[in-house]
1. Counting only residues that are touching a residue at least 60 places away in the same chain (Cβ under 8 Å) and in a helix (DSSP H, G or I), how many does segment 49-67 have?
2. May I ask you to list the residues in segment 1-23 that are outside any loop (DSSP other than H, G, I, E, B), in contact with a Cys (Cβ under 9 Å, 6 or more places away or on another chain) and of a type in the set (A, V, I, L, M)?
3. Can you tell me which residue in segment 119-135 is nearest to F45 (Cα to Cα), limited to those that are hydrophobic (A, V, I, L, M, F, W, C) and in contact (Cβ under 8 Å) with a residue 40 or more places away in the chain?
Amino acid sequence: MEKLIVPAGVGYLDEVTDFVEALLEEQGCPMKTQLQIRLAVEEVFVNIASYAYPDGPGEAEVCCEILPDPARIRIRFTDSGIPFDPLAREDADTSEEGLMGREGGLGILLVKKTMDEVVYGRTEGKNILTMTKQL
């Protein structure tokens, strides 16, 4: 398992995406799958950077693991920010009427649609969001 710990700030987004993409490239992951994973990683990290630590700076941990048979990647985001389960919200209404005036919710819907599995948990004061995608 590969691990990266960065300050939870949007200025570190490139470091996080580069970290994940390097592992995907080592695996010969198809470009379409890489792009889907990148979008999901961006969404989750930007949410942590934007909302997890309203009272000051914090950190985000990103762990990546390649699993065999079938080949897939598991990406786990951990932060010590305020408790927040992004999966608890009802999926965003993507109809034209539902999108009018809507704030939020579309990013996590994208994550759920592009990844094969997304799981949230809170343990020992930490938010843990784990995503899995077949390569």
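1. Result for segment 49-67: 1.
2. L4, V20, L23
3. L129
Residue-by-condition table, conditions (1) within 23 Å of L87 (Cα to Cα); (2) within 13 Å of the chain's Cα centre (by Cα):
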residue: M1; (1), (2): no, no
residue: V16; (1), (2): yes, yes
residue: L23; (1), (2): no, no
residue: V44; (1), (2): yes, yes
residue: Y53; (1), (2): yes, no
residue: G56; (1), (2): no, no
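Every number in this text was worked out from the coordinates using simple rules, so none of it is lab data. This is a predicted model, so every value here is computed, not measured. Counting neighbours? That spans all protein chains shown, and the Cβs are built from the backbone with ideal geometry, glycine included.
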